[in-house]
Every structure is written in C-alpha cells, then in structure tokens.
Amino acid sequence: MKYLTAIVVFSSFVALNGSFAQETESGPVWGYRCVDSRCEKVALDSNDTDREKAVSLSVCRLYCNEVFGTLWPRPTGDFRLGNNLIHINVYDVQWQWDKAYESLSRIWESSVQRFRGQLMKMVPSGSSLKSGGKRMIVKVTVSGDSLVLNYETDESYKVSISTADSGNVAVHIDAATYFGARHGLETLAQLIVFDDIRDELQIVADVEIKDSPAYVHRGVALDTSRNYVDVGSIKRTLDALAMVKMNVFHWHITDSQSFPLVINSQPMLHKYGAYSRKEIYTAEDVADIVQYALVRGIRVIPELDAPAHVGEGWEKTNLTSCFNYQPWVKYCVEPPCGQLDPTKDLVYDVLEDIYREMNAMFSRSDLFHMGGDEVSLGCWNTSVEIQQWMQAKGWDLNEVDFLKLWNYFQTNALERLDKSLGEKRPIVMWTSRLTEEPYVDQYLDKDRYIIQIWTTGNDPKLAKLLEKGFRVIISNYDALYLDCGFAGWVQDGNNWCSPYIGWQKVYNNDLKVMGGAYSSQVLGAEGALWTEQADQLTLDARLWPRLSALAERLWTDPRGGWQLADSRMLVHRERLVANGIAAESLQPKWCLQNEANCPMDQGRY
C-alpha cells in the first residue's frame, strides 16, 4: 500500500471585492505512505492513477510502525502484525464461547456490548459506514470461570487473526481467565480502524499476539472528598482505565472536607459530612460501580483514611481532635484540620460499623486501604484529655509516646476491621512517620502491610522498606501526582508539588530503577489525583492521557524513552477522545499528521 488520505475538509473563504468565495474539495487531497516505518504525508495529484490505492492515516499508522502499530499499551510477548487489511461488517460479528463456562455468559455479554460501542465510536460524526464487508467470527476460550481479581490472577492472553477459507475473518482469543480474555478483546478493538477514504471499518487480517502485564498493580487513586465526583464520571474513568488495561481503581472516598459515603448505621456522617443531599454515594451506587469495574477488568480498592484526614460529619460524634482549628498551618497540612481521638473507645465502635458496611459494598476487594496519611502529633497534643490519658499510662508527651498512641489506634482499628471481615486481609497504608525507623520495626508486620509510597522516587526510605521485606505500591509525587502544577489555593504562586508533570515524565518513571535489587517487591503503581482543584468537570483532562503513559509503564515496562512512544501516544489520545474521554491535547494536530517531525531529539531514537 502506497498512500493514505485522511479526510480533511479544507473549506477556505477567500475575500474578493468584499465578498467571500467558498472553496471545497471533491475528493481526498492527502495520502500517506510508509517510509522507514513512519507515515509520510503526500499530496495526491487529481489525475493520480494510484488514487484507488490511497491509504488513510489510521490505516497507515496501524501497520507502518516497527513499535507495535497503534496498540496501547504495547504487547510484551510474541508479536506479528501483517499489512493486509480487510473490510468487515460491524453488524455481522459472531461470538463463540466455551459452553463449559456458561456462568460467564452475562459478563461476556456486557463486554461484547461495550466492544460494539467502541467500534461504532470509531466512525466520525457525519460519516456513514459503507454496506457489506466480511463477517468476523470471534472465538473466546478461557481455562476457568473464576471472577476473582487479585495479585494471583493470570491476566495474560493470546490473540490470533486470520482469513478463513470462507473468506470470513477468524479471531481467536485464548486466556486463562475472563480478565485476560477481556484484555484480548481490548487489543482486538485497537486492531480495527475506520478508513475515512472508503468509509469502512477494516481489521488487520494476519495477527499473532502473546501478551501479559509486567506489574500486577496498575491503577489510579481518585479522591472524591475534596470535590465530589459523580457516578457517571467515575464510570467514564473506569472506561478509560479499561482501554489501557489498568486493573485498579483506588477510591479515596472520604476526607476531612466531606464524608459523602452513606453509612446507614452511622447516618450523621453523611448527613452532616456530605456537601449536599445529592452529593453522596449510596450502597447501591457503590455496588453499581464495583460491578461496572469488574466487567472492565478492574478491582475497586476502598480507602478510609484514619486517624487523620477526618472532619466534616465526624465532628458531630465528638470523637475528633483539633477539627477546623485555626490557624490551620499549626495542626495539619490543609484546611480543615481534624483527627480521630484514639483514647475514646466509641471511636472503634463507629469504625467497626463503617468497616462492616464498606466491606459489604466492596465485597470483591481482597485489600483494604487504611490510609494513615499525614498524622499530626501536634494536633493530638492540643487535647488535654489525650494528654491526661497518655500520662495515666505512664507515657510522656514526646514523639515516641505519640507514636505509641498512633500504634494504639492502628492496632485497635485493625482488630475491628478484622472482626467485621471475619478474616485478615492485606492492608495498604501510605508512607508516614509510622512507616519509618524505628517505628516500622516495632509496629508494622511486613507480611500484613503493603506500603504505598507517595514521597519522591529517589527517597532512601523506599530502599529501607524494601530491605525490610515490605511490598510496595509506587505513587511518587514527583512523577505520579496528577494535581501538581496549578495555582496555589492556600497561598500565592503555584501549588505545593509544582511543576506540572507531563506524560513524558510519567512514562519514564522507571519502577525497576526504584526497586533495584528488590524490584520483585514492587507490586506496581498508581497515579493519584487529589481533587482540591479538580472535580467531575475537569477530571478527564487531569487524568488523561497521562494515565495512559503510566499504563504502558506498568503493562509493558518499556526500556526505551518516551520518544519511541510519541507517535502512538498521539493516535491513542485521539482514540480516547473518540470514546468520550476529554483527554488533554498534547501537540498541534499537525504533529499527528506529520509523524516524528515535532520532538526535538527524535533523531536520537
């Protein structure tokens, strides 16, 4: 194939003697040809006899690339991608399942409906599909019917595409689990493109892909407390996560600013803690989100941050210290301040109620995130009651003593969590003073706790935790905090973690380098969006396509730099937009249409 034309409507208005003459085109004027594994834009002469062989931009990008066409994230195993494309009939797709696993039929039907929707979204508004095309027969084979998604789940898959003797397109997706097969279906969707010259959906007819993820924990941490994010926006985020084979939605659902989660046994929390009666999440909302995520191969991990980061709603229980104390800079890192009072037995009764209801809502999660972030010892030290309780135990009021108090809270809260569950699940906690020496050795069990790292990627405390045998999740703020780089909201200038982090830095954030000799203990990573300055209206642009860069880091663990992924990223961003994700624009569209002409150091790669 020599040329491709992207339908670009050149409508120019030329001013002549005070009037405007509209100039329109009768056919495609641009084509693309594959030159040195890059799509080169060429003008098509109006008398060009090769016009019938013209290749569209989407088609050229799919096969003309040594680095896995337009697939995102790129596969990790054996890979063969032919350059023969076939027109398929999107209305004539047959599905074949292994009848031994009928229990998966409902979830497969949901995946198929989503797949069909993805294909139709490839067709630009105002275009219509040409009739006809080959039938596509998709055979899906899995080795079991388990819907358990955890660190032991096999997410690998194989996809093969060939032309059957009948002329139909034969697709085979083979996986050990539903989740692997679902990833294969995601890849299949990316092997189909809309040819905007012929108004056809075309598929690569000769494909062999063997694929599996480099890391088992691949996700995002989303805060829905600083600003509320509605259920529809959370689902849209889950759709985008599925497109890039991310498998974790870490839900930071409450904080000191609001408590939007409805806990029926403790109704004062959301009644007084939610921003409004409408800005809440009911048990039905949570169950809906959890099931929606499951279909998309995503586990939802709930977080109840404590003993700090509590306030609104909690203050009505009289179980907090220093709630909304001013000036807040003395007692916490952002307003309003607030911490639970570990000395009050009622704290643990309320927590047990919350844990019990959260465990019922998030029944599919085998992990629970207990937070433990940014505890202020100074906050506790403002309470005369806490001071007297500590002194009655023979403790002083030094750091070591307040860490005893913190451990007292953590031990009792964990007992109530275990009681509510009836089992001991792995616990995730943020890095804090409690996870540092000497306290981590005294108080935290490396076989029970997983530590989520939010400090810098070169923090020596990470190495210490790994040396002690802890498993970790990386969320280093200097590369994975997606709220950085905006105006300060409690001070002049920019916010605390500025500058803005581009997708290139996210992509190059190498977990193997951070883990060093202990890289096997690095489970993966999460991008984090704290929503002090974001909500459902700005959510997509904050997350995407930067989370896509993280997705390829975690799935593929690429050894090359971002330059090798630049052209695929531009195509992938267009795919996100076509699927209703308002992803941030990265470059002028000229760069998309003129591959490899924009990066300054492209020639080095």
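Some points to look at:
- In sequence order, calculated HN-Hα J values of segment 386-399 (Karplus, 6.51, -1.76, 1.60; Hz; x Gly/Pro): 5, 4, 5, 5, 5, 5, 5, 8, x, 8, 8, 10, 9, 3
- Taking one quarter of the surface of the convex hull spanned by the alpha-carbon atoms of segment 463-542 gives a direction-averaged projected area of 6.3 nm².
- Using all pairs of distinct alpha-carbon atoms, the Kirkwood hydrodynamic radius of segment 12-211 works out to 18.9 angstrom.
- Residue 291/residue 206 FRET efficiency (R0 30 Å; Cβ-Cβ; nearest 0.05): 0.25
- Here the calculated FRET efficiency for residue 199 and residue 164, from their Cβ-Cβ distance with R0 = 25 Å, stands at 0.50, rounded to the nearest 0.05.
- Cα centroid separation, segment 89-144 to segment 217-257: 27 Å.
- Computed from point charges on the beta carbon alone (+1 for Lys and Arg, -1 for Asp and Glu), the dipole magnitude for the chain about its Cα centre is near 1080 Debye.
- Think of the chain as a dipole: +1 on every Lys or Arg Cβ, -1 on every Asp or Glu Cβ, centred on the Cα centre; then among 84, 321, 166, 166 lies furthest on the positive end.
- More than 31 Å apart - percent of Cα-Cα pairs taken over the chain: 54 percent
- Dipole in debye (nearest 20) - segment 12-211, about Cα centre, beta carbon charges: Lys, Arg +1; Asp, Glu -1: 260 debye
- Each label point was placed 7 Å from the Cα along the Cα-to-Cβ direction; for residue 105 and residue 505 their separation is 5.2 nm.
- Modelled label positions at residue 150 and residue 92, each set 7 Å beyond Cα in the direction of Cβ, lie 4.7 nm from each other.
- Gain on full stretching of the segment that runs from residue 230 to residue 135 - 0.36 nm per residue minus C-alpha separation: 30.3 nm
- Compactness of segment 51-105 was expressed as the Cα radius of gyration divided by 2.2 N^0.38 Å, which yields 1.62.
- Within the chain, antiparallel bridges make up roughly 45 percent of the DSSP beta bridges whose residues both belong there.
- Fully extended contour minus Cα-Cα distance, from residue 128 to residue 382, at 0.36 nm per residue: 84.6 nm
- Subset of 330/468; 468/505; 41/589; 330/461; 99/139 violating a 22 Å alpha-carbon distance limit: 330/468; 468/505; 330/461
- Debye, to nearest 20: dipole size of segment 337-493, +1 on Lys, Arg Cβ, -1 on Asp, Glu Cβ: 440 debye
- Here segment 509-539 is scanned for amide nitrogen atoms under 16 Å from the site 7 Å beyond the Cα of residue 328 along Cα-to-Cβ, giving 530-534.
No lab work stands behind these numbers, since they all come straight from the coordinates. All values derive from a computational prediction rather than experimental measurement. With ideal geometry, Cβ positions are generated from the backbone for all residues, glycine too; neighbour counts draw on all protein chains shown.
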